[in-house]
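Structure, as structure tokens:
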Amino acid sequence: MPNIGKSVLVDTFKGINNVLPDDKSVDGYLKELVNLDIDKNNNLFKRKGFVLRDSSSFHSLWSNENKTRMFAVRDGDLVEIKADSSYTTLVPSIGDSRVTYDEVDNIVYYTSRFKSGKITNSVAGNWGIAVPNVIPSLLEANGSMVKGSYQVTTTFETLDGRESGSLLAAVISVSDFSSIVVSNLPVSTDPEIAYVNIYVTLENGDNFNRIAKLPNGTTSYTISSVNFSDRPLETFNLSPAPNGSIVKWAHGRLYVSQDNILWWSEPYQYDHFDLRKNYYYFEEEITAICPTPDGLWVSADKIYYVAGKDPSSARLSEKEVAKVVLGSDVKFSGAYIFIENTPLGYKWFVTTNKGIFVLFNDGVILNISERNVSMPEAKSGASAFIQEDGINRYVSLLKEKQKSNNTAIGDMVTSTIIRNGITIE
């Protein structure tokens, strides 16, 4: 039996200190706190319990910032959860891979390693339009075109005017007084696609202009002249969003992480990504993307800050030799943590292998737990910022890398908490 020492009356509690050895203690701190909260006046309160609403298997739970929409994967299906806990299935059989979300202009974009899409007015659809995957066949015929080399490419277009990218072009050289017979036009099986567009260059040129807008399913068309009166091609070399593990909006672009690559969309064109050049490459898998008013935090092998709103010209710098636990990042109002001489604006809580950090604007980073709390090493987690009963909580549930060992050898510190004459165990 351990030798229980004398009783010490403690009327307020500052929190947890599990950094010191078990035979040491600090006045006002606890070694362990289970199902209790500490308010801003250092008083202890019992944590509220919970009620089981659905015994199904859930993962990837998310709600938007104003708490008006909630999504999750329930028994392998992507669902929208209503306020009364009922749900609507949006994407059946999306799988067990982790799904992340972000909302832009009332449209929710989601991605996982195997599936990406967007949700508009509670209807799931494609995120971007698949690029035509065939090269049209070209044949010279009689006409009025001048001698030269011509390039021809195609795009798909929806009824509401959204257009795909274009990655493949065919080339033909013709003589004077010719035309170009275009066959093997791509046909889309996507029900959203209404048209196939044909673009062609001037003789010996590089800039594409639309020459025809045809119903989807058309297989051939003859270009007899290239006196352009239609629009130029603005989506050449652009692709739909890649599948990934994280999606975040920042400064007019959507960012998607895919393993150790961070892609970004064209500005305010969230359906279009230039996968040839618009990306950052990191040494390890990306585990967090945290936008700020003037930049972007990224966690991979280390924690980095991207200073600037345009990623093609922004400055990337290393800020901390630590790794954020996947799923532990939470955005919150900067008013809840005010520290002199630190930037204003919203901030982020993150849990790392070196403790809990606050990420500020302008690349300022602060570890707020290292003095008193030792965190378990974890690969993934789920976090939330909860405001209730006058208490602000950053709650981080961690999936530890290996089973923790809760056995300790040495002296013990035991406590009985009495508040208002009531014993709290």
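Checking the structure you have, find out if any residue of the stretch 93-108 is farther than 23 Å from THR189 by Cβ, touching a residue at least 24 places away in the same chain (Cβ under 8 Å) and of a type in the set (Phe, Trp, Tyr).
Looking through the stretch 93-108, at least one residue is farther than 23 Å from THR189 by Cβ, touching a residue at least 24 places away in the same chain (Cβ under 8 Å) and of a type in the set (Phe, Trp, Tyr).
Being without any contact (Cβ under 8 Å) to a residue 40 or more places away in the chain and more than 16 Å from LEU238 (Cα to Cα) is the requirement here; does ASP160 meet it?
The answer is yes for ASP160.
Might you check whether a residue that is among the charged types (D, E, K, R), over 19 Å from ILE286 (Cα atoms), outside any strand (DSSP E or B) and under 22 Å from the mean Cα position of the chain (by Cα) occurs anywhere in the stretch 346-367?
yes
Across the stretch 267-316, which residue is farthest from THR100 (Cα to Cα) among those that are among the small types (Gly, Ala, Ser) and in contact (Cβ under 8 Å) with a residue 60 or more places away in the chain?
Checking each candidate, the answer is GLY295.
Which of (1) part of a loop (DSSP other than H, G, I, E, B); (2) modelled with pLDDT of 95 or more; (3) charged (D, E, K, R) does ASP206 not meet, given it meets every other one?
(2)
Could you count how many residues in the stretch 257-287 are of a type in the set (A, V, I, L, M) and within 24 Å of GLU157 (Cα to Cα)?
First, pick out the residues of the stretch 257-287 that are of a type in the set (A, V, I, L, M): 261-262, 275, 286.
Still in the running and within 24 Å of GLU157 (Cα to Cα): 275.
Going through the stretch 257-287 one residue at a time, the tally reaches 1.
Can you tell me which residue in the stretch 295-318 is surrounded by the fewest Cβ atoms within 10 Å (Cβ to Cβ), limited to those that are within 18 Å of ASN260 (Cβ to Cβ) and among the acidic types (Asp, Glu)?
GLU318
Any residue that is at positive phi, under 28 Å from the mean Cα position of the chain (by Cα) and not β-branched (Val, Ile, Thr) - is there at least one of those in the stretch 153-161?
Within the stretch 153-161, one or more residues are at positive phi, under 28 Å from the mean Cα position of the chain (by Cα) and not β-branched (Val, Ile, Thr).
Do we find a residue being in contact with a Ser or Thr (Cβ under 7 Å, 6 or more places away or on another chain) and either modelled with pLDDT of 95 or more or part of a strand (DSSP E or B) (or both) anywhere in the stretch 115-125? Write out each step before concluding.
Applying the first criterion (in contact with a Ser or Thr (Cβ under 7 Å, 6 or more places away or on another chain)) to the stretch 115-125 yields 122.
Now drop any that are not either modelled with pLDDT of 95 or more or part of a strand (DSSP E or B) (or both), which leaves none.
Looking for residues that are in contact with a Ser or Thr (Cβ under 7 Å, 6 or more places away or on another chain) and either modelled with pLDDT of 95 or more or part of a strand (DSSP E or B) (or both), one finds none in the stretch 115-125, hence no.
Check the stretch 113-126 and report whether any residue there is among the small types (Gly, Ala, Ser) and under 16 Å from the mean Cα position of the chain (by Cα).
Scanning the stretch 113-126, I find at least one residue that is among the small types (Gly, Ala, Ser) and under 16 Å from the mean Cα position of the chain (by Cα), so the answer is yes.
Could you identify the single residue in ASP271, ASP301, ASP294 that is at pLDDT below 95 and over 12 Å from the mean Cα position of the chain (by Cα)? Break it down stepwise before answering.
Working: ASP271 fails: at pLDDT below 95; ASP301 fails: at pLDDT below 95.
Residue meeting the stated conditions: ASP294.
Quickly run through the stretch 209-239 and pick out the residues that are in a loop (DSSP other than H, G, I, E, B) and under 19 Å from GLN269 (Cβ atoms).
Across the stretch 209-239, the qualifying residues are ARG231, LEU233, GLU234, THR235, ASN237, LEU238.
Hey, any hits in the stretch 309-320 for a residue that's modelled with pLDDT of 90 or more and among the hydrophobic types (A, V, I, L, M, F, W, C)? Steps first, please.
Taking the stretch 309-320 as the starting set, the residues that turn out to be modelled with pLDDT of 90 or more are 309-320.
Narrowing further to those that are among the hydrophobic types (A, V, I, L, M, F, W, C): 314, 316.
Within the stretch 309-320, one or more residues are modelled with pLDDT of 90 or more and among the hydrophobic types (A, V, I, L, M, F, W, C).
Regarding SER245, is this residue small (Gly, Ala, Ser) and not assigned by TED's automatic domain parsing to the domain that holds LYS118?
So SER245 fails the test.
Restricting to the stretch 65-91, name every residue that is part of a loop (DSSP other than H, G, I, E, B) and either within 20 Å of the chain's Cα centre (by Cα) or not assigned by TED's automatic domain parsing to the domain that holds VAL123 (or both).
Correct list: GLU65, ASN66, LYS67, THR68, ARG69, GLY76.
Hey, GLU284 hits all of (1) surrounded by fewer than 19 Cβ atoms within 10 Å (Cβ to Cβ); (2) in a strand (DSSP E or B) but one; which does it fall short on?
(2)
Inspect all residues belonging to the stretch 122-139 and state whether any of them is surrounded by fewer than 18 Cβ atoms within 10 Å (Cβ to Cβ) and over 24 Å from LYS213 (Cβ atoms).
yes
Taking GLY28 and the conditions (1) surrounded by 10 or more Cβ atoms within 10 Å (Cβ to Cβ); (2) on the phi > 0 side of the Ramachandran plot; (3) modelled with pLDDT of 70 or more, which numbered condition does it fall short on, given that it satisfies the others?
Result: GLY28 fails condition (3) only.
Please go through the stretch 347-363 and pick out each residue that is surrounded by fewer than 17 Cβ atoms within 10 Å (Cβ to Cβ) and over 23 Å from GLU400 (Cβ atoms).
Within the stretch 347-363, ASP362 is the sole residue that qualifies.
Residues of the stretch 327-346 being out of contact with any Cys (no Cβ under 9 Å at 6 or more places or on another chain) and buried (at least 22 other Cβ atoms within 10 Å of the Cβ), which ones?
GLY327, SER328
Residues are listed down the side, and each one gets a yes or a no for (1) out of contact with any Gly (no Cβ under 6 Å at 6 or more places or on another chain); (2) buried (at least 23 other Cβ atoms within 10 Å of the Cβ); (3) not aromatic (Phe, Trp, Tyr):
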{"residue": "HIS251", "(1), (2), (3)": "yes, no, yes"}
{"residue": "LEU262", "(1), (2), (3)": "yes, yes, yes"}
{"residue": "ARG276", "(1), (2), (3)": "yes, no, yes"}
{"residue": "ALA288", "(1), (2), (3)": "yes, yes, yes"}
{"residue": "PRO293", "(1), (2), (3)": "no, no, yes"}
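The values are calculated or read from the model by the stated rules, or taken from the named source; none is laboratory data. On a predicted model such as this, the values are computed, not experimentally measured, just so you know. Neighbour counts run over all protein chains shown; Cβ positions are idealised from the backbone, glycine included.
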